[in-house]
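First up is the structure itself, then whatever we jot down about it.
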Amino acid sequence: MNTAKRGRPPKQPRNFEDTKQALLLAGMAILTERGFNTVGIEVILKRVGVPKGSFYHYFKNKDDFGLQVIQYYDQYFCAKLRRCFNSEPDMPLMGLKRFVDEAVDGMQKYRFTRGCLIGNFGQEMPILSETFKQPLTDCLQHWTELLAANLKQAQSLGQINNSIDCDAQAEFFWIGWEGAILSAKVMQSALPMHKFANGFFAQLTSPNMPINTPYKS
């Protein structure tokens, strides 16, 4: 006689990689809202449903976890940039505008509680281990290289003035964008993001630039 109970099948245990990925994803979500030093590992473990004693099965210590979250976030963010920038090959600047639009939508969706994970870590740099400095710098460099390539493509199509230094403008964008994200969180408004984007596109100065509808102030 079959005595098996009806209902949902028993929950299958995660394997090592699945659990580690779940912890990294939880870390990404939480650390875009809160500072690394103010978040205990218990908060992250609770969200994933992993026993506290199991944390060191996946990471050497909290700093190791933080460094791996940064690496994971960089991979995610670079993939997002490539997707946006490659969305309209004939109008590269529209790809950058798509990135800005998605960022604004994301900030509004989470009611300005989430920011840039790299920016959040950067604000804590004075109290973080020195081992965080290079990984954070590498993230910004990766993003700068991707944006510079996008701007150079726009320049080759005549959508950006030939006198523009695309590498320098890419660096400038991320410096200003991180400030705009922080200001948006403080003001609880997308206005700083819109203002910075408007200013950035305007100073590229090309009459053929396909961005002809500025963001509302």
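Odds and ends about this structure:
- Any hit, the range 144-160, residues being open to solvent by 20 Å² or more (accessible area, probe 1.4 Å), closer than 28 Å to Lys62 by Cα and of a type in the set (Asp, Glu): no
- Restricted to helices (runs of 4 or more DSSP H) entirely inside the range 9-95, those with at least 1 residues that are aromatic (Phe, Trp, Tyr) and over 22 Å from Lys109 (Cβ atoms) are 16-31, 55-58, 62-85.
- Matching residues in the range 103-129 - criterion: being outside any loop (DSSP other than H, G, I, E, B), closer than 21 Å to Asp74 by Cβ and open to solvent by 60 Å² or more (accessible area, probe 1.4 Å): Gln123
- The residues of the range 40-85 that are open to solvent by 30 Å² or more (accessible area, probe 1.4 Å), closer than 22 Å to Phe112 by Cβ and hydrophobic (A, V, I, L, M, F, W, C) amount to a single one, Val43.
- Considering residues of the range 22-39 that are within 16 Å of the chain's Cα centre (by Cα) and hydrophobic (A, V, I, L, M, F, W, C) only, the residue surrounded by the fewest Cβ atoms within 10 Å (Cβ to Cβ): Ala29
- No other residue among Ala180, Ala154, Ala184 is over 16 Å from the mean Cα position of the chain (by Cα) and assigned to a helix (DSSP H, G or I) apart from Ala154.
- Here Phe200 fits the description: open to solvent by less than 80 Å² (accessible area, probe 1.4 Å), under 23 Å from His142 (Cα atoms) and not charged (D, E, K, R).
- Residue that is within 21 Å of Ala103 (Cβ to Cβ), open to solvent by 20 Å² or more (accessible area, probe 1.4 Å) and not in a helix (DSSP H, G or I), where the choices are Ser189, Ser163: Ser189
- Filtered by the rule that a residue be open to solvent by 20 Å² or more (accessible area, probe 1.4 Å) and either part of a loop (DSSP other than H, G, I, E, B) or touching a residue at least 12 places away in the same chain (Cβ under 8 Å) (or both), the range 130-143 gives Thr131, Pro135, Asp138, Leu140, His142.
- Filter result (aliphatic (A, V, I, L, M) and either farther than 23 Å from Leu182 by Cβ or under 19 Å from the mean Cα position of the chain (by Cα) (or both)) within the range 40-63: Ile41, Ile44, Leu45, Val48, Val50
The values are calculated or read from the model by the stated rules, or taken from the named source; none is laboratory data. Remember, predicted model here, so these are calculated numbers, not experimental data. Note that each Cβ is placed from the backbone with ideal geometry, even for glycine, and that neighbours are counted across all protein chains shown. Protein only, heavy atoms only, side chains kept; ligands, DNA and RNA dropped before computing areas. Shrake-Rupley method; radii C 1.70, N 1.55, O 1.52, S 1.80 Å.
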